[in-house]
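Taken together, the values in this text are just the output of simple stated rules run on the coordinates, not laboratory data. The structure displayed is predicted, hence computed values, not measured ones. In this analysis, Cβ positions are derived from the backbone assuming ideal geometry, glycine residues included, and neighbour counts consider all displayed protein chains.
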Ligand SMILES: Cc1ncc(C[n+]2csc(CCOP(=O)(O)OP(=O)(O)O)c2C)c(N)n1
Ligand SMILES: [Mg+2]
């Protein structure tokens with residue numbers, strides 16, 4: 001078991017030379033949306049109103065927001081995993097539509113058959129999430145291959161968990177992407193756990209990005225709680241992929257600050273580990289950074305939290321007023 005030094009200094013955040021202060025405010029806003037959305041979903045779960053599991057992304061906001069912010073929404077596409085709500089916001093997902101999906105109401109993009117975000121919204125360039133771990137990787141690689149064959153400028157970004165990287169399709173897709181030099185950015189969100197399995201029992205390599213050596217593509221491991229670092233790293237590999245130089249593997253190190261889903265009390269996670277990562281909270285640290293630099297005031301950020309929470313509540317109220325889809329919907333697209 002890895003030991004954590006609770007007194008270890010928290011490193012200062014990276015400052016990107018590619019972001020304006022207006023970009024920074026947009027970044028923090030998306031991170032606040034992700035955080036407030038999670039809190040709302042947790043409440044809905046406790047009220048017995050959420051459909052299916054609630055997979056909070058608390059701790060992962062810098063990765064999901066910073067990575068997707070480095071893409072061009074007009075040309076690029078994302079294949080996010082189950083813990084990436086921030087990415088959906090960056091790509092334009094709207095609260096009301098998300099709540100119809102998550103509360104399984106009429107108008108849900110999954111037609112009410114699922115409440116955990118297994119929807120695609122091609123108009124917004126959002127594909128996935130495919131539930132079976134790593135099964136989304138070959139699809140994302142295939143999308144990137146198609147874009148390359150059609151000479152489109154598209155770069156594809158997909159995310160996978162530390163656990164998911166141990167499924168065969170991860171290796172098949174990485175190898176294929178590297179051989180074909182397709183424009184695919186793969187982010188491994190290493191949040192220390194795959195359900196209740198700690199990373200020590202998941203893999204024996206030093207870090208997951210080392211696997212890139214075996215595929216013949218670049219691989220890096222970075223602090224996934226540092227939004228501008230994530231942004232800059234992804235940005236440089238997006239540029240490389242757009243030049244036709246192929247895929248990249250980026251491991252973002254974070255911590256899953258909740259259970260696997262809200263039914264899981266995560267008693268198996270040592271409290272010191274959570275305390276270590278609490279000091280590295282991606283949102284609180286970025287907010288402090290913006291205040292310190294005079295880019296935002298504490299009052300403004302607090303107001304944004306309240307405004308966004310109110311917008312989410314309004315979206316929930318709207319969704320709860322909608323009926324469930326008709327029962328026949330359950331039989332559509334069923335083969336037998
Ligand atoms: C092939 C497969 N096996 C098991 C599951 C059930 N399952 C869903 S998420 C999960 C844990 C995933 O851990 P990780 O990849 O690290 O992602 P995290 O949830 O930590 O973000 C498991 C076991 C699944 N969806 N697909
Ligand atoms: Mg994990």
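What the table shows:
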{"item": "Centroid-to-centroid separation of region 134-186 and region 216-241 [C-alpha atoms, Å]", "result": "16"}
{"item": "Max mean-square fluctuation residue, GNM over the chain, Cα-Cα springs under 10 Å, options 310, 134, 34", "result": "310"}
{"item": "Extension gain (nm, one decimal) between residue 39 and residue 306, 0.36 nm per residue minus Cα-Cα", "result": "94.9 nm"}
{"item": "Order of 41, 136 under a 10 Å beta carbon neighbour criterion, fewest first", "result": "136, 41"}
{"item": "222 nm mean residue ellipticity, helices alone, for the chain (DSSP H n ≥ 4; -39,500 (n - 2.57); rounded to 500)", "result": "-13000 deg cm²/dmol"}
{"item": "Contour minus Cα-Cα distance for residue 332 and residue 291 (0.36 nm per residue)", "result": "9.6 nm"}
{"item": "Ascending count of other beta-carbon atoms within 10 Å, so fewest first, for 242, 332, 285", "result": "332, 242, 285"}
{"item": "The chain shape via C-alpha gyration tensor axes, a/c threshold 1.5", "result": "rounded"}
{"item": "Residue 275 paired with residue 313, simple spin-label distance in nm, labels 7 Å along Cα-to-beta-carbon", "result": "3.5"}
{"item": "As computed over region 1-104, the Cα convex hull volume per residue (Å³)", "result": "161"}
{"item": "125, 132 arranged by Cβ crowding within 10 Å, fewest neighbours leading", "result": "132, 125"}
{"item": "Chain lengthening between residue 267 and residue 204 when straightened (0.36 nm per residue, less Cα-Cα)", "result": "20.3 nm"}
{"item": "D (Stokes-Einstein, µm²/s), Kirkwood Cα radius, region 282-336, 0.890 mPa s at 25 °C", "result": "165"}
{"item": "Most to least packed among 191-202, 107-118, 228-239 [average Cβ atoms within 10 Å]", "result": "228-239, 107-118, 191-202"}
{"item": "Reciprocal of mean inverse Cα separation for region 135-237 (Kirkwood radius, Å)", "result": "14.3"}
{"item": "Shape category assigned to region 43-200 from the gyration tensor of Cα positions, a/c cut at 1.5", "result": "oblate"}
